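Colleague: I have a structure I would like to understand better, so I am pasting it below and will then ask my questions one at a time.
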């Protein structure tokens, strides 16, 4: 049976966002926020529940075709005050990514879902923790959707087509101290030299690569040195953003060659984590076409973007291999900052874009093939 | 049945297959520009949105 649309006013859509942002939800501590979103969805015609991973998941319609709107409900640490100031709402998660998630829920309520279709909204847990626990649980337990939209901020008129890959490396260097008046490199100096070597290797690889999406970008996330008797121990945490032609496994292999110890007495241990392959979705499909039309209907020229970060698209995209983009209101340069805030007019425009996109997808017979 | 429209970048004639749909992105065979099908009646092409790059999630 078709599921009729419910009326949702702009004030109600903004209230949902303000309510969800007011509930802190660091990675691993999302229970209260998930319960809140499930309760909201349940009272607005969704079949909703908190799944086994702790994510909030709600559906309208019965399928078998399904469009999955996969946002995340956890936030980066830090708590900018939740403040409503005219057309702006400030607070942790307003942009990354409760704004996109609430826009998904508000849009999914306000469209007729025809026979044969289902729209599912998911607020996944632990996207920010580099475990993507919620998305991985859905990947392992839910059927492959017909289409998927990842909830991440990209401005209401931009469609995100892809994300770079990632590899995190913890390097533990242990080396004997030498007299500071001598020639031998101290443990901390060796560690700095090791980092400089990694940086130079990446620069060499990037020599003829102009686009940020195509470059191998290293970052020294943390460095910490300590004394252990006659030895010094230095812990380096290094992150890499990977281009399309370099998989995490390829980089792991190369990395082992980049960290040759400077002397026999120096020991280097490496632990890898946070491995994600790059993913770039196709832009010639019914989902992208529906977004292009929907953004134009709001009087704006649509834009495409690829991003140097990662998202749950890196997790589900390579496995599902269905039409997939990321979309959501908000300025992603405010992600993780103390000044995180969202423009509410843009938030409401994104809801209109999502509603129009859903209507076109449901009407599009080609998307059923 | 196929359609033809003018490339807005180089003015070459761009042929489109009969099953082309509005919103489809095609490439101009002359200049290589990516073009978006804006209309089929009459066949109209515009430059497709360029791919920007951005940091973040």
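Colleague: For chain B, give me every one of the strands (runs of 3 or more DSSP E) that falls completely inside it and has 1 or more residues that are within 8 Å of the chain's Cα centre (by Cα).
Modeller: In chain B, the matching strands (runs of 3 or more DSSP E) lie at B:25-27, B:34-40, B:43-47.
Colleague: Filter region A:48-73 for residues that are part of a loop (DSSP other than H, G, I, E, B) and either modelled with pLDDT under 95 or within 15 Å of residue A:148 (Cβ to Cβ) (or both) and give the result.
Modeller: If the condition is that a residue be part of a loop (DSSP other than H, G, I, E, B) and either modelled with pLDDT under 95 or within 15 Å of residue A:148 (Cβ to Cβ) (or both), then A:55, A:62, A:63 are the ones that fit.
Colleague: Also: Residue A:339 passes all but one of (1) buried (at least 22 other Cβ atoms within 10 Å of the Cβ); (2) more than 8 Å from chain B (Cβ to nearest Cβ); which number fails?
Modeller: So the condition that residue A:339 fails would be (1).
Colleague: A further question follows. State the number of residues belonging to region A:258-293 that are under 22 Å from residue A:362 (Cβ atoms) and more than 10 Å from chain B (Cβ to nearest Cβ).
Modeller: Within region A:258-293, residues that are under 22 Å from residue A:362 (Cβ atoms) and more than 10 Å from chain B (Cβ to nearest Cβ) number 2.
Colleague: Among (1) under 19 Å from residue A:218 (Cα atoms); (2) over 26 Å from the mean Cα position of the chain (by Cα), where does residue A:297 come up short?
Modeller: (1)
Colleague: What number goes with the only condition from (1) crowded, with 17+ Cβ neighbours inside 10 Å; (2) over 17 Å from residue A:14 (Cα atoms); (3) touching a helix residue (DSSP H, G or I) at 6+ places or on another chain (Cβ under 7 Å) that residue A:134 does not pass?
Modeller: Single failed check for residue A:134: (3).
The values are calculated or read from the model by the stated rules, or taken from the named source; none is laboratory data. Just so it is clear, the structure is predicted and the values come from calculations on it, not from any experiment. A quick note on method: Cβ atoms are made from the backbone with ideal geometry, for glycine too, and the neighbour counts reach across all protein chains shown.
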